[in-house]
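Below is one structure, written out as structure tokens, with a few remarks after it.
The values are calculated or read from the model by the stated rules, or taken from the named source; none is laboratory data. Since the model is a prediction, treat every value here as computed from it, not as a measurement. Using ideal geometry, Cβ is built from the backbone for each residue, glycine included, and neighbour counts are taken over all protein chains shown. With ligands, DNA and RNA removed, areas are computed over all heavy atoms of the protein, side chains included. Shrake-Rupley method; radii C 1.70, N 1.55, O 1.52, S 1.80 Å.
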Amino acid sequence: MISIVNFDINGCSYKLPVVYGTNYYEKAINISKLRENTGFITFDPGLKNTGITKSSISFIDGEKGELLYRGYPIEQIISKCTFIETSYLLLNGELPNTAQLKSFSENINKFNSISQEIYKILDKIPMSYHPMGILSSLTCLLPTAYTKNSIKEKDMYFNLLAKLPILAALTYRKKVGLPISYSDYEDLNYNLDYTSNLLKMFFSVPKKYYKRNTILTDALDKLLILHADHEQNCSTTTVRLLGSVHANLFSSVSAGISALWGRLHGGANQAVIEMLENILKSGGNIKKWVERAKDKKDSFRLMGFGHRIYKNFDPRARIVKKVAENVLSELGITDPILELAKELEEVVLKEPYFMEKKLYPNIDFYSGIIYQAMGIPKDMFTVMFALGRLPGWMAHWKEMRLNQEPIGRPRQIYIGYKKRNIH
Ligand code: CMC
């Protein structure tokens, strides 16, 4: 293993140290003193070759199609853990024992309320506004209720785990015209687990007994786990960048929600269903849409395919596909969108264009089908992604603070006018 990289610039020799990850094949040239010593910076649009931190939270082997949370394969986490155990793992580094899990859940429950002021603001927001904009704005406003009595750092994590689902549920209820009472979230049955509570907050109807649906609860818990963390993706990097300037956790997460909204990131789950519906509406001619995706002159891309890191199957996509099939078959739903999605996947995987570029279905390809079966509206799919990604964002914010990382402030190569005067 080499520890130093030697290079020459204009006849001068320089040495740069090499940094290794847990797996020896993960290696980086440490350029932190490059400009100071040589006058050069690196140029890497899209940060495709740039490691911005050392992290021990999650790991993707994009070539093998492998994802680990704190060292545990995602397949094991899915079969042995709940979302709340996974959140504990991401935030604290180890899985909880029974007492730790109990105390973690109780601490979350302590913050199961939002202030009257936030509630009044929500009431004034027109429901034609996108739920991701609403979630991001309200998340940013949450700490204002604490300005007089500043909130302890450890409580901020519990606070967000408790309050984000409430904001999402209230947005949903207002959107679909279900009554919202100030005490909706206070009525929670503390014997219910986190994900059952989440579904109850969304779908319970006053004066009617809310019957817990185990198939949907299990499916949603799995989706939340699969979304919980994913290395230095765009929204997580956004959260870390905000944390680096000591923005508070609430505004950092709010910025993460806004980043996630983008169609090339979390917003792809909404875009996938819209695309599949369009394909169906226009006669179901898959070949025609695949040809469009291959055409460089056409801006259309097959949503739900491709990933910056995975150059093999996204392991999350395999699991989501199985969950989607189980949910629909157990609920006795025949969804032509699922059949179309499977057909499209089959065609795409045999297409040389997609094979050469190593474009496989990603997590967003099948997740919308499950949300749809639950009765979640399309424009709230990415909200569900945000609820899942929350513990990951917070774990990265915490790690960045513990490492005392410097302000994230990239450089640029300026190509505008040279200095000039106004005449
Ligand atoms: N359909 C058609 N062509 C594609 C697609 C696609 N979905 N994805 C990538 N390509 C082509 C792209 O045109 C480029 O071709 P060329 O080399 O000839 O210019 C090549 O593949 C590499 O693409 P890229 O955009 O340079 O790769 P990237 O790593 O910057 O982008 C991506 C990754 C996910 C943004 C991209 O694959 C994409 O736009 N996919 C569709 C949106 C989507 O499903 N996003 C969800 C990602 S997973 C959930 C999450 O983490 O947020």
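Before moving on, here are some points about what is shown:
- Think of a 1.4 Å ball rolled over the protein heavy atoms: the chain then has 53 Å² of accessible area per residue.
- Charge dipole (Cα centre; +1 on Lys/Arg Cβ, -1 on Asp/Glu Cβ; no other charges) of the range 1-84 amounts to roughly 220 debye.
- Net dipole in debye of the range 61-165 [+1 Lys, Arg Cβ; -1 Asp, Glu Cβ; about Cα centre; nearest 20]: 480
- Debye log10 I(q)/I(0) at q = 0.14, 0.16, 0.19 Å⁻¹ for the range 266-380, Cα point scatterers: -0.55, -0.72, -1.02
- For the chain, built as a Gaussian network whose Cα springs stay under 10 Å, the top-fluctuating residue of ALA247, ALA168, ALA28: ALA28
- The range 188-283: Cα Rg divided by the 2.2 N^0.38 Å rule of thumb: 1.42
- Residues considered: LEU178, LEU338, LEU216. Largest GNM mean-square fluctuation over the chain, using C-alpha springs under 10 Å, is found at LEU178.
- Across the protein chains, with a 1.4 Å probe defining accessible surface, the residues GLU330, GLU351 rank GLU330, GLU351 from largest area downward.
- Share of carbon and sulfur in the accessible area of the range 100-151 stands at 55%, probe radius 1.4 Å.
- Accessible heavy-atom area order of ILE422, ILE4, highest first, probe of 1.4 Å: ILE422, ILE4
- Here the chain is treated as a Stokes sphere of Kirkwood radius computed over C-alpha pairs; at 37 °C and 0.692 mPa s its diffusion coefficient rounds to 141 µm²/s.
- Of all lysines in the structure, the ones whose alpha carbon falls short of 27 Å from that of LYS33, not counting any fewer than 8 places away in one chain, are LYS15, LYS48, LYS54, LYS398.
- Contact order relative to length of the chain, as percent, for alpha carbon pairs under 8 angstrom and 6 or more apart: 20
- Cα centre as origin, Lys/Arg/Asp/Glu Cβ charges: the range 305-417 dipole, Debye: 700
- The residue list VAL347, ASN312, VAL323 was ranked by how far each Cα lies along the charge dipole of the range 293-423 toward its positive end, using unit charges on Cβ atoms, and ASN312 comes out on top.
- For ASP44, solvent-accessible area (1.4 Å; no DNA, RNA or ligand), Å²: 30
- Dipole-positive endmost among ILE9, ALA28, PHE43 within the range 2-78 (Cβ charges, Cα centre): ILE9
- If both residues of a DSSP beta bridge must be in the chain, then about 95% of such bridges are antiparallel.
- Unit Cα scatterers, Debye sum, the range 350-423: log10 I(q)/I(0) for q = 0.20, 0.22, 0.24 Å⁻¹: -0.94, -0.99, -1.04
- Over the range 68-170, relative contact order from alpha-carbon pairs under 8 Å, at least 6 apart, %: 30
- Net charge contributed by nearby residues that have their C-beta within less than 13 Å of SER282 (K/R +1, D/E -1): +2
- Largest-first ordering by accessible area, 1.4 Å probe, given options VAL176, VAL19: VAL176, VAL19
- The convex hull around the C-alpha trace of the range 78-130, projected and averaged over every direction, spans 5.9 square nanometres.
- Using the alpha carbons alone, the radius of gyration of the range 1-83 stands to its Kirkwood radius in an Rg to Rh ratio of 1.11.
- Surrounding net charge for ARG240, when Lys and Arg each add one and Asp and Glu each subtract one, Cβ distance under 15 Å: +1
- Taking a quarter of the surface of the Cα convex hull of the range 39-138 gives a mean projected area of 12.0 nm².
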